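A short worksheet on the structure shown next.
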Amino acid sequence: MKRFLYGERDYTFGEAMLTLRTALGLTQAGLAEHLSISRRAVAEWEAGSSYPKAEHLKQLIALGVRQQAFPTGREVEEIRALWRAARQKVLLDESWLVALLSQQHPPLALMAPLPVEQTSGTDHVLAPPAGGPRVDWGDALDVPPFYGRKPELAALCQWVVQERCCVVSVLGMGGIGKSALAVSLMHQLAPRFEVVLWRSLRDAPACEALLEDCLQVLARSHRWVGRQLPTWVRCVAWSPDGTRLVGGGDDGHVYLWDAADGTLLLAGHHGMVASVAWSRDGRRLASGGGGQGGGGSGELLVWDVQSGECVQAFAGHPGVVYAIAWDPCGDLLVSGGSDGVLRWWDVQSGECMRMRAAHQGAIRSLRSSPDGSRLVSCGSDGAIIVWDLASGEHLQTLRRDRPYERLDITGIRGVTEAQKATLRALGAMEDSAVNITRQAP
């Protein structure tokens with residue numbers, strides 16, 4: 001197996017090998033297993049630092065033919081070009097190639113995509129909803145029938161369908177088939193959803209551009225999508241029945257559109273709007289922000305959607321209101337802001353019924369459970385806290401371990417109070433009762 005010196009890699013061959021493996025739908029480890037070689041050998045081929053032996057290259061070509069990984073009608077040209085690029089010392093056995101191509105097998109249907117209506121990533125022509133899900137694959141990979149990864153696909157399907165996970169991450173080093181796995185999963189699960197979108201965040205698109213692109217697919221009519229607003233839109237939310245869309249902007253306005261024709265139904269707020277939330281019956285809308293003039297007081301309002309009137313303004317909310325959640329009956333409203341405190345408000349009277357210190361730093365999001373019994377908050381401190389929505393009782397805290405998580409610093413000496421505070425912020429624990437006892441005369 002010929003190897004190159006440092007700096008003399010054959011990048012053209014490496015790209016060809018990577019393209020072929022991607023078309024096969026195999027990871028580096030999976031291809032290595034098929035060829036009875038090490039994964040490192042496959043990695044070196046794709047890096048252009050070495051070439052395969054003739055017998056391994058023939059096995060790879062045979063696998064590609066069986067899986068129909070080469071362009072239809074151009075198999076001979078592609079295989080000959082690959083053999084030349086691999087700089088083999090022996091010529092390609094033409095009789096072997098002819099016999100191989102004459103005995104092509106159908107592709108292995110290990111994970112055949114389910115039939116769904118599709119659109120291209122450029123024209124956004126949507127299939128009628130009655131005919132199946134609206135699917136826009138955007139710049140998704142054109143993955144052939146997927147080979148292997150059955151356990152991973154089964155686990156992902158369970159998380160998304162049965163456990164209803166909203167966010168699933170597939171992590172790993174480059175070249176192991178993460179994108180191919182994700183595309184295959186979406187093909188399999190698409191019929192279970194009304195709308196399926198594939199968008200790549202590889203080039204870090206701006207949020208407003210990504211949102212506008214998604215709205216073009218989600219909107220029932222394209223007559224109003226793409227309308228430019230003279231402000232940054234901080235937050236958006238669909239009404240429970242999916243007929244209206246609300247957004248809050250830096251210009252202090254709450255924009256309410258009819259999703260069918262884009263008619264602007266409501267506009268009015270003071271200060272930056274950082275959060276919006278619909279009541280479950282869709283009749284009222286809550287909006288929160290930084291208050292008029294950008295001072296230290298936040299603003300939390302409730303609107304009647306039909307009349308467009310502000311029916312309640314809650315006083316005494318410091319800082320910016322970043323998150324809002326309704327209770328199922330619409331009688332209570334929970335808010336969270338830059339001071340890290342949760343507040344329960346009586347919508348009818350406008351009074352603050354209870355307060356709970358929740359996060360170190362701002363509260364960024366609030367969500368109620370489907371049955372309306374629990375509330376989840378997340379904040380800038382990286383913690384997710386579960387609450388009883390009715391009573392405000394703390395139920396559970398979910399957090400990744402910090403550097404000094406559960407380190408007992410009770411009675412520690414030789415550190416200042418500022419250093420202790422830093423340790424506690426990084427997860428350390430201190431029994432304050434013990435400290436008070438020791439300090440007593």
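The values are calculated or read from the model by the stated rules, or taken from the named source; none is laboratory data. Since this is a predicted model, take the numbers as computed values, not measurements. Cβ sites come from the backbone with ideal geometry, for glycine too, and all protein chains shown count toward neighbours.
Give the residues of region 61-92 that are free of Cβ contacts under 8 Å to residues at least 40 places away in the same chain and of a type in the set (D, E, K, R), sorted by residue number.
Arg74, Glu75, Glu77, Glu78, Arg80, Arg84, Lys89 - these are the residues of region 61-92 that are free of Cβ contacts under 8 Å to residues at least 40 places away in the same chain and of a type in the set (D, E, K, R).
Is it fair to say Leu398 is of a type in the set (A, V, I, L, M, F, W, C) and in contact with a strand residue (DSSP E or B) (Cβ under 6 Å, 6 or more places away or on another chain)?
yes
Out of everything in region 385-400 that is among the charged types (D, E, K, R) and in a strand (DSSP E or B), what residue ends up being nearest to Val341 (Cα to Cα)?
Going through the qualifying residues, I end up with Asp388.
Those residues that are of a type in the set (Ser, Thr, Tyr) and either modelled with pLDDT under 90 or over 18 Å from Cys166 (Cβ atoms) (or both), I need them from region 370-405; list them, please.
Correct list: Ser373, Ser380, Ser391, Thr397, Tyr404.
Which strands (runs of 3 or more DSSP E) does region 265-384 wholly contain that include 1 or more residues that are more than 22 Å from Arg234 (Cβ to Cβ) and of a type in the set (Asp, Glu)?
The strands (runs of 3 or more DSSP E) meeting that bar are 299-304, 341-346.
Count, please, the residues in region 249-284 that happen to be of a type outside the set (A, V, I, L, M, F, W, C) and at pLDDT below 85.
Adding up the residues that qualify gives 14.
Residue-by-condition table, conditions (1) exposed (fewer than 12 other Cβ atoms within 10 Å of the Cβ); (2) outside any loop (DSSP other than H, G, I, E, B); (3) modelled with pLDDT under 75:
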{"residue": "Glu152", "(1), (2), (3)": "no, yes, no"}
{"residue": "Gly174", "(1), (2), (3)": "yes, no, yes"}
{"residue": "Met186", "(1), (2), (3)": "no, yes, no"}
{"residue": "Leu189", "(1), (2), (3)": "no, yes, no"}
{"residue": "Arg202", "(1), (2), (3)": "yes, no, yes"}
{"residue": "Asp213", "(1), (2), (3)": "no, yes, yes"}
{"residue": "His222", "(1), (2), (3)": "no, no, yes"}
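Just one of Asp327, Asp339, Asp346 is acidic (Asp, Glu), modelled with pLDDT of 90 or more and closer than 16 Å to Ser377 by Cβ; which is it?
Asp327
Quick check on Ala47: is it within 37 Å of the chain's Cα centre (by Cα) and among the aliphatic types (A, V, I, L, M)?
It is true that Ala47 is within 37 Å of the chain's Cα centre (by Cα) and among the aliphatic types (A, V, I, L, M).
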